[in-house]
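**Q** Below: one structure in structure tokens.
The values are calculated or read from the model by the stated rules, or taken from the named source; none is laboratory data. Note that this is a predicted model, so its numbers are computed, not measured. Positions of Cβ are generated from backbone atoms using ideal geometry, with glycine treated the same way; all protein chains shown enter the neighbour counts. Quick note on the areas: whole protein, heavy atoms, side chains included, nothing else; ligands and nucleic acids left out. Shrake-Rupley method; radii C 1.70, N 1.55, O 1.52, S 1.80 Å.
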Amino acid sequence: MDTIRAAGKRLAWAALGCCSLWGSVAYAQLDLQSLGSQLLGATAQQAPAQGGGQGGGMSQLLQSYVGANQQVLAGQSSLASAMGLTGAAGQAQQAASLLGGGNALTPAALSQMGGAQQSVSQALGQAFASSGASRGPVDKQAFSNGLASLGQGLTQYSQLQSGLGALGSSSPASLLQAGLNPQNMQAASYIAQSAPGQLQSLAATLSQAVRFASSQGISVPSSASSALKLLP
């Protein structure tokens, strides 16, 4: 009898051990399932942000426009500095710094940028017309660097023209539906209207600068020469 009772106890403890083991396994399976669901949920939430869609493409277009203008302003600043136009050089630098902030895509900032570009271009045009004689010797290296930067910026600018044209032909409702940030809508409208004239004006400045460089024996970088072939 004692032997039977001892055997029974051992069987009972074994059964309890098996139950505990299966419980642990079941808990582990549930825990893994829960973890997998959380990971899949997180991936699903991240997917739209990574996709971007048309709205993401439009936002990237606006950012590329800002980057191209920063490059252009850097070139204008270097050209003005090389010609001894310290006021114009500072104006270009200030406008470029505005584009580097979080408020770059606002009509006010873009308007100020466009005004600075036009003002610096006029100052450069007047200096080119006088051959720079009234302002002393030209810093040839700085001028060449300015040509390179201006050429790179205008090349980037010209590559955006088809996208900017599409932006101008899109209605505000369609852009909002595509996912464009509502805060950028006014900036998008301003850019679409001003970009063609802006490109034409900057192309004229680059052309004048290249002719001046050739007349002064200043090296013309390939980026400037290539940009002239792309521009209207």
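**Q** Return only the number of the condition from (1) within 22 Å of Ser158 (Cβ to Cβ); (2) in contact with a Pro (Cβ under 7 Å, 6 or more places away or on another chain); (3) surrounded by fewer than 19 Cβ atoms within 10 Å (Cβ to Cβ) that Ala187 does not satisfy.
**A** The number of the failed condition is (3).
**Q** I'd like the residue in segment 85-125 that is touching a residue at least 12 places away in the same chain (Cβ under 8 Å) and assigned to a loop (DSSP other than H, G, I, E, B) and, out of all such residues, is surrounded by the fewest Cβ atoms within 10 Å (Cβ to Cβ).
**A** Looking at the filtered set, the residue picked out is Gly100.
**Q** Among the residues of segment 213-231, is there at least one that is at pLDDT below 80, open to solvent by less than 60 Å² (accessible area, probe 1.4 Å) and not small (Gly, Ala, Ser)?
**A** Yes - at least one qualifying residue is present in segment 213-231.
**Q** What is the number of the single condition among (1) outside any helix (DSSP H, G or I); (2) modelled with pLDDT of 95 or more that Leu79 does not meet?
**A** (1)
**Q** Further question on the same structure: With (1) surrounded by fewer than 22 Cβ atoms within 10 Å (Cβ to Cβ); (2) in contact (Cβ under 8 Å) with a residue 40 or more places away in the chain; (3) of a type in the set (A, V, I, L, M); (4) under 20 Å from Leu154 (Cα atoms) as the list, and Val72 as the residue in question, which single condition is left unmet?
**A** Answer for Val72: the failing condition is (1).
**Q** Condition check: more than 24 Å from Gly114 (Cβ to Cβ) and touching a helix residue (DSSP H, G or I) at 6+ places or on another chain (Cβ under 7 Å). Does Pro221 satisfy that?
**A** It is true that Pro221 is more than 24 Å from Gly114 (Cβ to Cβ) and touching a helix residue (DSSP H, G or I) at 6+ places or on another chain (Cβ under 7 Å).
**Q** Do we find a residue being open to solvent by 60 Å² or more (accessible area, probe 1.4 Å) and either closer than 30 Å to Ala129 by Cα or modelled with pLDDT of 85 or more (or both) anywhere in segment 50-62?
**A** Looking through segment 50-62, none of the residues is open to solvent by 60 Å² or more (accessible area, probe 1.4 Å) and either closer than 30 Å to Ala129 by Cα or modelled with pLDDT of 85 or more (or both).
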